Structure formats: C-alpha cells, structure tokens
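Participant: Quick one: structure below, then a few questions.
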Amino acid sequence: MLKASIFALLFIVVRLPGNTTQPPTPPSTSDTVYLAAVREFARTIVATRDETTLPFFLEDSIDPGSHFDFLKSCLQDTSTFTAAERMQIERWADHPVFRVWTQDMAPGVRLIPKDTITAIFSRKHRDGWSYFYSHYGPGYHSFGCPLFLRNYTWCLFYSGHHCGWLCGDGQLALYKKEGGRWMFVKNWGEWES
C-alpha cells in the first residue's frame, strides 16, 4: 500500500503543470485563433510598407531568414526571452506552423509561387530583374512564419523585401501589441543591399 501511495504521489508531482520547462504545444493551421492572429499581423506588416498604390507581391513559401544567422543572436538574448520562450523559438525555427502562405492568411497581397521566382531568376532569362519588372512590378516580399508569444501579445517575425540585384532589405524582428496595434520593439540583425 505504501509503495502504491508513493508511486501515485510521484506521478502527480511529475504531471503538475508548474514542473515542466517544455514550451506550449504549437498551434496548427486549423487553429482559428492562430489564423486570425496571422491575418491581423500580416495586414499590419503590409500596411507599414510605402507601396500602397502598387500590388503587394508576396512569395508564397516562407522565408525564415535563417541564412543570415539572425536567429542565433535572438536565441542568445536572455534579457528579452525566458528559457521556455527560447526553446519555443528553436522549435518554431525547426518546425514552423506552416510553410506556404495562402490568400486567406495574407489578404490583400498577390502571391507569387516560389518556383515562379526561381524560374525568373534562373539562367532561363538573361536578366531576371528586367523580366520581373516588366511582368510583375518593382519588387516582391518574403515573410517567415509568425511566432506568437505571451498570449499573442508578442510576435517574432522575419520579413524581407527584394527589388533588384543590389536592392533589398530584411530583418528578424519582435513586435508587441499595444492598444490593439502591433508596434516594432527590436530586431536581431538586418540586411540591406
């Protein structure tokens, strides 16, 4: 009887929510709260660009921006993120909630398939940017998969803008929701060409 009581007590202690450092389970694309937050956040990012009269072209595949090593700096930021949040960020980087943007996630944008962009800038065209300018416009954007933290009040997000061989910018940034609006807080590196 004593052994059964000890086993039951150990089971309860191990199962208590406060005794884990595991980050919360990530949402899925069927999670309506997550999708609503993605749509709202995407609208905010699109609205912050100065291209209000032009179509906003967005590459449909997510771009985590990992080739710039911004994530490494972000994960070392112990003054901004808790240990559990850093674990959640690592898991998000390895396994984003989605890999392809859809029209439902980013209303008001014109999606361009990744394979179309790859074909335009392959050797098939002499000058990919001339072809892009004449068939689409002055540039396109690439977005990562948003990671929402702290009950959807923080968002970690990579965004890039591509407008020529030596024209573009991007950053991995943290946004905070204040008064119903997403506000830029800080970034972990940015690139500009």
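No lab work stands behind these numbers, since they all come straight from the coordinates. None of these values were measured; they are calculated from a predicted model. Neighbour counts are summed over all protein chains in view; Cβ atoms, including those assigned to glycine, are modelled from backbone coordinates with ideal geometry.
Participant: So for the stretch 30-174, averaging the separation of alpha carbon pairs under 8 Å that are six or more residues apart and normalising by length, what relative contact order in percent results?
Facilitator: 29
Participant: Take peptides 56-64, 103-111, 75-83 and line them up by average Cβ neighbours within 10 Å, highest first, as a rough protection proxy.
Facilitator: 56-64, 103-111, 75-83
Participant: Quick check: from the Cα gyration tensor, does the stretch 92-180 come out rounded (a/c under 1.5), prolate or oblate?
Facilitator: Cα axes put the stretch 92-180 in the prolate bin.
Participant: For the stretch 94-109, take each phi angle, set θ = phi - 60°, evaluate the Karplus expression 6.51 cos²θ - 1.76 cosθ + 1.60, and give the result in whole Hz per residue in order, putting x for glycine and proline.
Facilitator: Karplus values, whole Hz, x for Gly and Pro: 7, 9, x, 4, 9, 10, 9, 6, 10, 4, 5, 6, 10, x, x, 9.
Participant: For the pair Val185/Cys167, report the inter-label distance in nm, with labels modelled 7 Å from Cα in the Cβ direction.
Facilitator: If labels sit at Val185 and Cys167, their model points lie 3.4 nm apart.
Participant: Quick one: in the stretch 30-192, what % of C-alpha pairs are over 23 Å apart?
Facilitator: So the pairs more than 23 Å apart make up 39 percent of the total in the stretch 30-192.
Participant: Assuming R0 = 35 Å, what is the FRET efficiency of Asp115 and Ser79, from their Cβ-Cβ distance, to the nearest 0.05?
Facilitator: It comes out at approximately 0.30.
Participant: Roughly how many nanometres apart are two label points built 7 Å out from the Cα toward the Cβ at Ala47 and Gln103?
Facilitator: Distance between the two pseudo-spin positions: 2.2 nm.
Participant: Calculate one ³J(HN,Hα) per residue across the stretch 70-80 by plugging θ = phi - 60° into the Karplus curve 6.51 cos²θ - 1.76 cosθ + 1.60, and present them in order as whole Hz with x for glycine and proline.
Facilitator: These are the phi-based 3J(HN,Hα) values: 5, 4, 4, 5, 4, 5, 8, 7, 6, 7, 9 Hz.
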